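Shown next, in C-alpha cells, is the structure this report addresses.
The values are calculated or read from the model by the stated rules, or taken from the named source; none is laboratory data. Computed from a predicted structure; not experimentally measured. Every residue, glycine as well, gets a Cβ built from its backbone with ideal geometry; the counts of neighbours run over all protein chains shown. Remember, those area values only see protein heavy atoms, side chains included, never the ligands or the DNA or RNA. Shrake-Rupley method; radii C 1.70, N 1.55, O 1.52, S 1.80 Å.
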Amino acid sequence: MGSQSCFKALIICLIALIGSTQAQLQLGFYAKSCPKAEKIILKYVVEHIRNAPSLAAALIRMHFHDCFVNGCDGSVLVDSTPGNQAEKDSIPNLTLRGFGFIDAIKRLVEAECPGVVSCADILALTARDSIHATGGPYWNVPTGRRDGLISRAADPLRSLPAPFHNLTTQLTLFGNVGLDANDLVLLVGAHTIGVAHCSSIATRLYNFTGKGDTDPTLDSEYAKNIKTFKCKNINDNTIIEMDPGSRDTFDLGFYKQVVKRRGLFQSDAEFLTSPITRSIIDRQLQSTQGFFEEFAKSIEKMGRINVKLGTEGEIRKHCARVNN
C-alpha cells in the first residue's frame, strides 16, 4: 500500500513537472482564445496616447516597476485593502500613473473575452504599443503571463533601484532578476522620455554630504540652472525633465546628458565611474537605430522576469483587485 502511494505521488509530481515545462510565454498566445485582444489594446493606445504622449513614459515605468517586484505579474496594479497595503502605495510607486489607462483597456478586453487575458500581459503590451506609437522602438511581447495573487508595499523598497543608488547596488538589483550591466544601461536609457520630481534630487543639489553642498559630479552650470529655474529649494517638488528639450522623443538625448555630467540622478552619474557601463553608453551614442535594437532585446528580456505561467496565479477580472 505504501509503495502504491509513493508511485501515485511520483506520477502527480511528473504531471506537474511536465505541465510547468510546457507552459511558457509565446508570441500570439491569445490567437485562439482571444484573437482580437492585441488589436483592441493597440487601437486604444493609438487613439488615446496622442492626447497624452507623456503617458508613454509613465506606462513603461509602470511595466518596469511591475517586473522588478515579484516578476511581471501585474501586482503593481492592485489596490490596497484594509488588511493589506499593496505595491501601488509603496513610496517608490507613489508617483506612478496610468492605472486608469490600463483599467480602461482591461474593460474592453474583458467585454470581448471574459476571464482570458491577464492584466500582466495587458500592461506589457500597452507599454510596448505606447512607446512605439510615440516614435520609440518596437519589441516583441510574447504573452501568456498570469496575474499574481500577492502585492505588498514592502517589496518595492527591497527590489527597485533608487535614484541615489551606486553602481554596485544597481548591478546587484538587476542581477537579482537575471539582468546584467548591458540591460541596466539600456533600460535606463528610457529616461530619455522621463521626468523626475525635485524631491528625488534634492539631496544631490542642496545637501550632498550633509554640509549644504552640491554633488561635485553634477555639472556645476547645470546644477546652478536647475536650482535657479526648477528646484528652487530643498523642499521643492516640481517636475523636471530628464532629457531637457526632447522629453517626448525616444532618442539618444539622455545618454548625451549623462556624458556631459548632466544626468539628474546620482544613479545616472554612476555610469561614468565604470569603463564597462561607460563603454555601453558610448556604443549607444553611435546609432539611434542600434540603440533601438539593443533596447528592444533588453526590455523583452525584462518582460520575462519571474513570470507566472500555466496554472500559477490567476486571470484577474479587474486589474485593481484579485478575484477572491
(1) closer than 16 Å to residue 165 by Cβ; (2) open to solvent by 10 Å² or more (accessible area, probe 1.4 Å) all hold for residue 213 apart from (1)
Selection within segment 147-161 - closer than 13 Å to residue 69 by Cβ and not charged (D, E, K, R): 148, 150, 151, 153, 154, 156, 157, 159, 160, 161
Restricting to segment 312-324, name every residue that is open to solvent by 50 Å² or more (accessible area, probe 1.4 Å) and closer than 16 Å to residue 71 by Cα. 312
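Out of 253, 263, report the one residue that is within 29 Å of residue 172 (Cβ to Cβ), of a type in the set (Gly, Ala, Ser) and in contact with a Pro (Cβ under 9 Å, 6 or more places away or on another chain).
253
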Residue satisfying condition, being outside the structural domain of residue 115 (by the TED database), loosely packed, with under 15 Cβ neighbours inside 10 Å and modelled with pLDDT of 95 or more, within set 26, 22: 26
What helices (runs of 4 or more DSSP H), lying completely within segment 96-209, carry at least 2 residues that are open to solvent by 40 Å² or more (accessible area, probe 1.4 Å) and over 21 Å from residue 45 (Cα atoms)? 154-159, 167-176, 202-206
Given 213, 248, which one is assigned to a loop (DSSP other than H, G, I, E, B), acidic (Asp, Glu) and free of Cβ contacts under 8 Å to residues at least 12 places away in the same chain? 213
Can you tell me which residues in segment 285-310 are surrounded by fewer than 18 Cβ atoms within 10 Å (Cβ to Cβ) and either assigned to a loop (DSSP other than H, G, I, E, B) or polar (S, T, N, Q) (or both)? 285, 286, 287, 288, 289, 304, 306, 309, 310
Considering only segment 241-256, I want to know if a residue exists there that is out of contact with any strand residue (DSSP E or B) (no Cβ under 9 Å at 6 or more places or on another chain), under 24 Å from residue 177 (Cα atoms) and among the hydrophobic types (A, V, I, L, M, F, W, C). no
Residue satisfying all of: in segment 231-240; farther than 11 Å from residue 206 by Cα and open to solvent by 80 Å² or more (accessible area, probe 1.4 Å); farthest from the chain's Cα centre (by Cα) among these: 237
